[in-house]
Structures are given as structure tokens and as C-alpha cells.
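These notes are about the structure you will find just below.
The values are calculated or read from the model by the stated rules, or taken from the named source; none is laboratory data. Computed from a predicted model, the values in this text were never measured in an experiment. Here the Cβ is made from the backbone with ideal geometry for all residues, glycine too, and neighbour counts use every protein chain on show. Side chains included, ligands, DNA and RNA excluded: accessible areas come from the protein's heavy atoms. Shrake-Rupley method; radii C 1.70, N 1.55, O 1.52, S 1.80 Å.
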Amino acid sequence: MKRFIYELSESWKIAFAQMQSNKTRSMLTALGVIIGIVAVTLMGTAITGIQTGFDRSMSILGDDVLYVSQFPWARVNDWWNYRDRREIKTEYAEPLNRMIAATPNSNLLLAVPTSSITKSVKRGDNQVTGILIQGTTADYPLISVVDFNEGRFFNEVENRAAGNVCLLGYDVADALFPSESPIGKEVQISGQQFRVLGVGARQGSFLGLFSLDSIVIVPLPTFKKFFSAKSESDVRVKVRDKLKLADAKDELTGLMRRVRALPPEKKNDFDINEQQAFKSTLDPVKNSIALAGLFITGLSLFVGAIGIMNITFVSVKERTKEIGTRKALGARRRTILLQFLIESTSLCILGGLIGLTFAYAMCFAIATAFPSFPVQFSVGLVLIGMFVSVFTGLVSGFAPAWSASRLDPVTALRYE
Amino acid sequence: MLNTDTIRPRGPIVIDIENITKHYVMGEETVHALRGVTLQIHRNEYLAIMGPSGSGKSTLMNMLGCLDTPSSGRYEFNGKDVSAMNDDELATIRNHEIGFVFQTFNLLPRSTSLRNVELPLIYAGIDAEVREERAADSLRAVGLGDRLQHKPNELSGGQRQRVAIARALVNNPSIILADEPTGNLDSKTGEEIMALLENLYQEGNTIILVTHEADIARHARRIVHLRDGLVESDATAEQPEIETLAFT
């Protein structure tokens, strides 16, 4: 054991001396690994960034909410089976809530209808287009996370009265009221005046597709009065226990069939969606992007590894006589194997450290330039980067080191 | 002509070789480098192995140095059967029992004298402080006490060979195996190296010299001539008038 430790420290010293005496060669070889590590870690950062953004978007949907919709969220290949489906009506919420209340130990908690349409919002001469107008009830905050920068949600009375009140998403408020508080002020939607009750906190975008802050929420009766044409509706149902989502889904399916009065032989003409459906559609896409990205960047690391292997072979060839001498002096096969493995590994570690430094600097630059892009340079990434470097060194050094350890001492000593 | 100056009494047998052969297969042909060599070498002998090229001299040296194993025959080193050992066992024997001195010195070019001499001790698993001390002692013994931190390219040829000899001595080996130790040196420096080896012999070391130069071989007290893979002659100097002492 002691001998092994001495051989190990001896090998590190040799490796270090070897790098020092062949500076140019070592740097060029390490460059391959540097590029590889930078590529792989940046890719890793991008992937975790995407994952973080994805998870953030998913949490907005809520993992304990079922969405009763006309169509499934997941992509289907037989769209013709879906095209004749009846629309989902916001009125379904009422019988649903009644039945939930009548069912003992129901897995469901509360049904809240929402209806939406895209409109422009004006204030004086300022106008923002493409804003999602959403009508819902005063129960909406019970099923969805609604954070306010200022103000409040509308209450039951304002809802029943179909008052012209609204909540503005962060972006809408920011565009229309750049320098003042919108609370109590009025905005115009389709020629109607709405009094602003509250402003939502900034939420970012959903999967980078559309902004969750370009939204205006109004009471559902008000919505029906002014915007019901061409609007789309769904009913959101919060479940009691998200661990029993499947049971809740079955229960809700049964309730919806009763609401829609479907005879037993008929198939469901609605869909119950959940965040999982989104995930199962998007996960394969996301995963294949990640896989392809890692594969391509992995190739650059592989090229770096070939460089290391090549230089280690050259090193073994150049130092055949030295290997012979070491063997004559009592170096065993393991000693020689270890020596060259450590040489290739130390090159990779050098490359890995420099590569990680570069990657860190680049991440920092990206995070500074684009604050909204979720880059995360984690300790885990450093550990993985170093692990990959060491692993690369061991793998690429193994063949040359093995051939060195197998050299016949007589032949090696005679080598010129 | 044999050197009869101060012949030291022989010790017990170190190397016991009986009828060893070595053949190499080179393509279609089989080369018989050794055809049956029998040889006994005692502790504290000074022996030269001579022979023209192709005589099997180098092959025999590789056998004696445990760098290679014979095709057939028996080889015992200090009573241990070497002929059937694997690579790593042979490495251990070389490390503990044999000090090599090469024609081309074979020092590690980027390491100091001290580090070069330490190398066999590293492979033996000796502690760092002890290692350094013993390596320094060994260098002092060959007259290089003031060159511990010099690298080979800062040393003369003779000094390099002295470092190599210090390295050979550092593990207190049973034999010192010197392969043409003066081959790369001018004759004056060569004589100095031979004088150093003579000293080592007088201090009780066993020295095996492999050379094709009669001038060098004459320093030895025993000369073995090889020809065509066989021992042609084996002459030991007898100290005139004084009886050879036997070790018991």
C-alpha cells in the first residue's frame, strides 16, 4: 500500500514534469479537452436552464388542477375523432360543484370556469394588442396562484354584479401605465371602460411561447356580456390530494358524463387535461433536444480524447527506453500503467479546469446580457465536468498505458 | 591474462545456472542464442563475460539480470527459482537483488541525481526521508556528494555513469551487472569508472561485467568466454601462495 502511494506521488511528479517540459504540446492537446469541456458544460447549462424554465412554466399550470377542455393537450393523430365535439360551457362548473359537494369523500375540491379571448386593450391613445382577456369567477385565486404587485382580485359581489372591473397582467400595466399606479384608473377593452382593481406580479412566459403577463382578468358574467362570441372556455377543477390525481380524474370524468348526459355507449366528448399531459407531450421533444445537444458536444470532447490518446501513444513511444530502464530498476507493470494513466489524466484535468473556467465566464456573460435566460452554473456541473475530464483521461490513456506496461524490458532497453 | 591483485574470498553461491537455453523465433527461423550454459557465480566475485557479437553474451546478461527468462534449464538466484517467475516477480527480484549499470547510463534526463538514485527505492516502497538519505549516501560513496541537485545534462559522462552506479548500489543488491560500462566514455574516464568498480569489489560487492573489450575484462578476477551460445572458457584467477578461504 505504501509502495502504491509512493508510486502514485512519483507518477504525479513525472506527469507534472512532463507537461512542463512539453508545454506547447501539452497545451495543444489540452485545448481539445478544453473545447470539449466548454461545449459539454455550456450544453449542460443550457439543458438545465431549459428544464428550469419548463418546470417554472409547469408550476403555473398547477400540479393539482385538472382542466376540463374540448380537446386533449397532448398531440393526437386522429383529429377527425375530435372535431365534432361540443364546446365546454362555463355553466358546467355549477353542477360540478353541486355534485362534488354531494359526494362524500370526493377527490375533487372546487370547479372554477374560465373563458378567454384575445383583444386589444386601450388607455387613451395607448394601445396594446394581443392581450388574453380571461373571464373567471371570484374563486379563481383558490385554484391558481395569483400574486399581486398591488391591488386585489375582484370579489363575489363584483362578480355577480358583472361589474366593469379588471386585473391587469404585469406587462399590460407596464405598457399602459408606465409612470403611475393603475389602481382605480380605467382601461378600454372593445369600447367598454374597465376599472383596474389590481396588477399581477411578473410571471414570465410560458415555455417561452407567450407571456403570462399579457393578460387581463375580468369577472365571468362581465366577460359573457361583452366577449362571449368566439371565446374558448374550460373548467378548472382543483383536486383534494394531488397524489390521487388518477382517482380524481376518473371521478371528474364520471361527473362530466353526467353533466353532459352521455349515454353509456357513447365515448367521452371532452378531455380532462393536467400538467402531466403537457409534460408527456413536451418531454420527448425536450429530451431529444437535450440528447442531440449532448451527443454533438460530446463528439467534440471525444475528439479531444483522441488527441490525448494520440499524444500518450507518442509519449510512450518516445520514452520506450525510459520505460525499459524503469522496469530494469524494478517498476512493475502496474507502476508503468499508472504512470501513463496519470499523465493522460492530468492533461485532461488541466483541460477540464481551464474549460470550466471558460464555461463559467461565458455563463456569467450570458446571464449578464440576458437576465431572463435561466442559466445556472452549479457546483454539480463543476463536479460533473471534472468527473468527465478524469474519465476521459483514464479512457483515452488506457490503451497507450496498457501497451507501455506490457513492453518487454529487454526490447525496451534496446530501443533507440 | 587474469588479474591477480587482491583476490577476495568468495562467498556463497548467488547465481546458479544449469544448462539454460534461449531461442527466439524470428519469422521462419529459430535463433538459438544460448545452447546450454552452466555457470555458478559466488558472492563477492568479480566476473567478466566476454564474447564477440552473436555469442549470446547479451542474452546471457538479460538472463542474469532477470530481464528475461530462459527457454529451458534451471536458474536459481539466491536459492530462488527464477526461471518460472512472472513479470512482476522478476521486477521485484531486479529491484531488490540486481543493480544495473548500462553503457548509455539510462538516467532520467529531467530528474536530479538524487531523484535518479531514489528511483529504485521508490519502487521498493521506502519512506521519503530514508530514501533521500540513502540516495545521498550512495552518491557520496561514488564521489558525487556535491552533485546531488544536478541534472544529467549538467554532468560529465563519467559523472553520469557514477550516478548510474550510485543508483545500482542504493538498494544493496546481491550483484551489480555492468553492461559495457565504459563503452560511451573516453579511456581515461573509463579507467576511473573501472577503478570505482574495483573499489566496490574490494568493499565486498559482487560485480558482473559484460564486455567485448579485453582491456576492460582484465580488471575482473574471473573471465567467462562465450562463443555460439556456449561457454568456451571459464578461467578464475588463483591467488598465488595464499589458499582460497572458504565461507561456511
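Counting only protein chains, not ligands or nucleic acids, how are A:165, A:382, A:145 ordered by accessible area (probe 1.4 Å), most first?
Ranking A:165, A:382, A:145 by accessible area, largest first, yields A:145, A:382, A:165.
With a sphere of radius 13 Å drawn around the Cβ of residue A:71, what net charge do the other residues whose Cβ falls strictly inside it have (Lys, Arg +1; Asp, Glu -1)?
-3
Calculate for the protein assembly as shown the 222 nm mean residue ellipticity that helices alone would give, adding -39,500 (n - 2.57) per DSSP H run of length 4 or more and normalising by residue count, nearest 500 deg cm²/dmol.
Calculated from helices alone, the mean residue ellipticity at 222 nm is -15500 deg cm²/dmol.
Any chance you could list the semi-axes, whole Å, largest first, of the equivalent ellipsoid that the Cα gyration tensor gives for the stretch A:197-322, using √(5λ)?
Numbers: eigenvalues 641, 109, 35 Å².
Computed over the stretch A:197-322, the values are 57, 23, 13 Å.
Rounded to a whole number, what % of the accessible area of the stretch B:13-236 do carbon and sulfur atoms account for, probe 1.4 Å?
In the stretch B:13-236, the share of accessible area belonging to carbon and sulfur is 44 percent.
Rolling a 1.4 angstrom probe over the protein heavy atoms, how many square angstrom per residue are accessible across chain B? List each step's numbers first, then the result.
Working: 10980 Å² over 248 residues.
Per residue, chain B has 44 Å² of solvent-accessible surface.
Specify the angular offset, from 0 to 90 degrees and rounded to the nearest 10, of the alpha carbon long axis of helix A:245-259 from the longest principal axis of the alpha carbons in chain A.
30
For the stretch B:13-236, list log₁₀ I(q)/I(0) at each q in 0.08, 0.12, 0.15 Å⁻¹, using the Debye formula over Cα point scatterers of equal strength and ignoring solvent, two decimals each.
Listed by q, the Debye log ratios stand at -0.28, -0.64, -0.98.
Where the Cα atoms of the stretch A:1-128 are projected onto their three principal axes, how long is each span, largest first, in whole Å?
Principal-axis extents of the Cα atoms in the stretch A:1-128, largest first: 81, 54, 38 Å.
How far apart, in nanometres, would the label points at residue A:28 and residue A:51 be if each is projected 7 angstrom from Cα along the Cα-to-Cβ direction?
According to this spin-label approximation, the distance is 3.8 nm.
Counting only protein heavy atoms and using a 1.4 Å probe, what share of the accessible area of the stretch A:262-416 belongs to carbon plus sulfur, as a whole percent?
In the stretch A:262-416, the share of accessible area belonging to carbon and sulfur is 74 percent.
Taking R0 as 41 Å, what FRET efficiency do you get between residue A:267 and residue A:229 from their Cβ-Cβ distance, rounded to the nearest 0.05?
Values: r = 29 Å, r/R0 = 0.71.
Step by step, r from the Cβ atoms, then E = 0.90.
Given R₀ = 35 Å, what would the calculated FRET efficiency be for residue A:334 paired with residue A:60, taking r from the Cβ atoms and rounding to 0.05?
Computed FRET efficiency for residue A:334 and residue A:60: 0.05.
How tilted is helix A:93-102 with respect to the longest principal axis of chain A? Cα atoms for both, answer in degrees (0 to 90, nearest 10).
It works out to around 80 degrees.
Can you give the relative contact order of chain B as a percent, counting alpha carbon pairs under 8 Å and 6+ residues apart?
It rounds to 31 percent for chain B.
For the stretch A:19-31, take each phi angle, set θ = phi - 60°, evaluate the Karplus expression 6.51 cos²θ - 1.76 cosθ + 1.60, and give the result in whole Hz per residue in order, putting x for glycine and proline.
5, 5, 7, 10, 4, 4, 4, 4, 5, 4, 5, 5, 3
How many times 2.2 N^0.38 Å is the alpha carbon radius of gyration of the protein assembly as shown? Let's see the in-between values first.
On the way: Rg = 43.5 Å, N = 664, 2.2 N^0.38 = 26.0 Å.
Taking N as the residue count of the protein assembly as shown, the ratio is 1.67.
List for the stretch A:328-364: residues with 40 Å² or greater reduction in accessible area, all protein chains versus chain alone, probe 1.4 Å?
Hits at the 40 Å² cut-off: A:328, A:329, A:330, A:332, A:333.
How large is the direction-averaged shadow of the alpha-carbon convex hull of the stretch A:65-273, in nm²?
Result: a mean projected hull area of 13.0 nm².
What residue among A:138, A:183, A:80 has its Cα farthest toward the positive end of the dipole of the stretch A:65-273, where the charges are +1 on Lys, Arg and -1 on Asp, Glu, each on the Cβ?
Value: A:80.
Residues of the stretch A:65-273: accessible area per residue at 1.4 Å, in Å²?
Values: 10920 Å² over 209 residues.
Accessible area per residue, the stretch A:65-273: 52 Å².
7 Å from Cα along Cα→Cβ at both residue A:387 and residue A:118: what's the point-to-point distance in nm?
Computed distance between label sites residue A:387 and residue A:118 equals 4.4 nm.
Considering the dipole of the stretch A:65-273 built from charges on the beta carbon (Lys and Arg +1, Asp and Glu -1) around the Cα centre, which of A:215, A:96, A:199 is farthest to its positive end?
Checked the options; the winner is A:96.
Take the Cα atoms of the stretch A:180-226, build their convex hull, and give its volume per residue in Å³.
106
Residues of the stretch A:374-415 losing 20 Å² or more of accessible area relative to the isolated chain, 1.4 Å probe, heavy atoms only?
A:409, A:410, A:413
Once you charge only the Cβ atoms, +1 for Lys and Arg and -1 for Asp and Glu, what is the size of the charge dipole of the stretch B:30-115 about its Cα centre, to the nearest 20 debye?
Computed about the Cα centre, the dipole is about 280 debye.
Report relative contact order for chain A in percent, whole number only (criteria: Cα-Cα under 8 Å, sequence separation at least 6).
28
Given a Förster distance of 56 Å, report the FRET efficiency between residue A:21 and residue A:281 from their Cβ-Cβ distance, rounded to the nearest 0.05.
That gives a FRET efficiency of 0.45.
Mind checking the stretch B:188-218 for GluC sites (Glu not before Pro) that DSSP puts in a loop (not H, G, I, E or B) and that have at most 10 other Cβ atoms within 10 Å?
none
Whose amide H sits under 5 Å from the amide H of residue B:227, counting only residues 5 or more places off or on another chain, with H placed in the peptide plane?
Here B:232 satisfy the definition.
How many square angstrom of accessible surface are buried between A and B, both sides summed, with a 1.4 Å probe and rounding to 100?
2500
How big is the accessible area of residue A:326 in square angstrom, nearest 10, if you roll a 1.4 angstrom probe over the protein chains?
The value for residue A:326 is about 10 Å².
In the stretch B:1-66, what GluC sites (Glu not before Pro) fall in a loop by DSSP, with at most 13 other Cβ atoms inside 10 Å?
Sites meeting the loop and neighbour criteria: B:28.
At 20 °C and a viscosity of 1.002 mPa s, what translational diffusion coefficient does Stokes-Einstein give for the stretch A:265-382, taking Rh as the Kirkwood radius over Cα pairs? Give it in µm²/s as a whole number. Kindly include the intermediate steps, with their values, before the conclusion.
Working: Rh = 19.5 Å.
This corresponds to a translational diffusion coefficient of 110 µm²/s.
Report the one residue of B:183, B:157, B:135 whose Cα lies farthest in the direction of the positive end of the charge dipole of the stretch B:13-236 (charges on C-beta: Lys and Arg +1, Asp and Glu -1; origin at the Cα centre).
Projecting each Cα onto the dipole axis, the largest value belongs to B:157.
Just to check I understand the Karplus step: with θ = phi - 60° and J = 6.51 cos²θ - 1.76 cosθ + 1.60, what whole-Hz values come out for the stretch A:285-292, glycine and proline as x?
Ordered by residue, 3J(HN,Hα) equals 4, 4, 5, 6, 4, 4, 5, 4 Hz.
Would you work out the charge dipole size for the stretch B:59-173 about its Cα centre, treating the Cβ of every Lys and Arg as +1 and the Cβ of every Asp and Glu as -1, and quote it to the nearest 20 debye?
Result for the stretch B:59-173 is approximately 480 debye, rounded to the nearest 20.
Give me a comma-separated list of calculated 3J(HN,Hα) values for the stretch A:196-205, in order, Karplus coefficients 6.51, -1.76, 1.60 applied at θ = phi - 60°, integers in Hz, x for any Gly or Pro.
Running phi through 6.51 cos²θ - 1.76 cosθ + 1.60 with θ = phi - 60° gives 7, 9, x, 10, x, 6, 5, 10, x, 10 Hz.
Place a +1 charge on the Cβ of each Lys and Arg in the stretch A:65-273 and a -1 charge on the Cβ of each Asp and Glu, then give the dipole magnitude about the Cα centre in debye, rounded to the nearest 20.
Rounded to the nearest 20 debye, it is 500 debye.
What figure, in Å² to the nearest 10, do you get for the accessible area of residue B:236 with a 1.4 Å probe and non-protein molecules left out?
60
Can you give the accessible area of residue A:285 in Å² (nearest 10), computed on protein heavy atoms with a 1.4 Å probe?
Near enough 70 Å² of accessible area.
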